[in-house]
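Reading through the C-alpha cells given below for one structure.
Read-outs throughout are calculated quantities, based only on the coordinates presented, and are distinct from any laboratory measurement. This structure is a prediction, so every number in the text was calculated from the model and none was measured. Neighbour counts are summed over all protein chains in view; Cβ atoms, including those assigned to glycine, are modelled from backbone coordinates with ideal geometry.
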Amino acid sequence: MQLNLKNPLVIFDLETTGMNIATDRIVEISYLKIYPNGKEEGKTMRINPGIPIPPETTAIHGIRNEDVADAPTFAAIAKNLSKVIEGCDLAGYNSNRFDIPLLAEEFLRAEVDIDLMRRKFIDVQTIFYKKEPRTLAAAYKFYCDGDLENAHSAEADTRATYEVLKAQLDRYPDLENDVNFLSKFSAFTRNADFAGRIVYDENEQELFNFGKYKGQKVADVLKKDPGYYGWIMQGDFTLHTKKVITNVKLREFNK
C-alpha cells in the first residue's frame, strides 16, 4: 500500500557503540526519504563516533574501529543531515525509545539547532506489538486456536503455558524436544544473576549489563573503581545480583 503523506517521511536506522542514549554514539546511519509523490532517495553513512566501539557491539553489527577511523564525525555531517530531515516526519523500528532520542543527543552535542519534537514519529515496532499482542492469551489463541478462560489466574495461566509449549514444538520442526535446547533457545543472554544485571561473555567472564560500565568485565571494574562495589551494595539491586558481584570480588581477591 502506498503511504498517504503530507510531509516527506524519513525512515532511518542507527548502528551505535551501545545502547546508552546518554553516552553512546552513532557509527552508521541509513535513511530512506519518501516524498508525498512517491519519490524515494536514500543514503547510508559511516560515522566516526570519537569513542571506541566495544567488541561485543562489533559482534552485533560488524562495524570495527578501523572501519570508521577515516569516516567523518557526526558534527561534520550534522548540518547536512538536519537539512535532509527538516520538515520531515520520522519512522523507524524501536525508534521512539532509542533511535530518535540518540539522534537528538547527537544533534545537541554538535550544536545543530533542529527541533525534532515538532515532527511526527512512527514506530513500526510499537504498531507490531499493539496489533500482535505479546500476551499469554494472544499466544494461546495463535498456537492453540482457543480463547484463554480465566486469564491471569495462576491455574489457568499455568495450564495454558504448558499447552502453548507443546503446540510450539508441533509447529516448529527446528525446535528440539529437549529441555537443554529449549532453555538455551528461550534466553537472549546468559545471565549470571536472575535479574540479568550481570551476564557471561563467550569466555565465561562476568560482564556488567547496565549502567556506565555496561559490557565491561565485573572484575576489571571492581579493580579500577572500588567505590562502584559499595554503590551497588547500597543501591536498589536484588540480593542475588549483590551476591554474584560479591563472589566475583572475593574470587579476584583470593587469586
Evaluate the following for V10: is it surrounded by 13 or more Cβ atoms within 10 Å (Cβ to Cβ), of a type in the set (V, I, T) and more than 16 Å from L103 (Cβ to Cβ)?
no
Can you pull out the residues in segment 200-216 that are more than 15 Å from the chain's Cα centre (by Cα), free of Cβ contacts under 8 Å to residues at least 60 places away in the same chain and within 30 Å of Y172 (Cβ to Cβ)?
Y200, E202, E204
Mind counting the residues in segment 130-155 that are farther than 21 Å from L169 by Cβ and of a type in the set (A, V, I, L, M, F, W, C)?
2
Quick one: how many residues across segment 70-96 are over 20 Å from R109 (Cβ atoms), over 24 Å from the mean Cα position of the chain (by Cα) and hydrophobic (A, V, I, L, M, F, W, C)?
1
Hey, could you check segment 223-246 for residues that are among the hydroxyl-bearing types (S, T, Y) and part of a helix (DSSP H, G or I) and say which is nearest to D193 (Cα to Cα)?
T241
Can you tell me which of A192, A219 is in contact with a Phe, Trp or Tyr (Cβ under 6 Å, 6 or more places away or on another chain) and more than 18 Å from M19 (Cα to Cα)?
A192
When only residues in segment 13-53 that are farther than 17 Å from T73 by Cβ and under 20 Å from the mean Cα position of the chain (by Cα) count, which is surrounded by the fewest Cβ atoms within 10 Å (Cβ to Cβ)?
A22
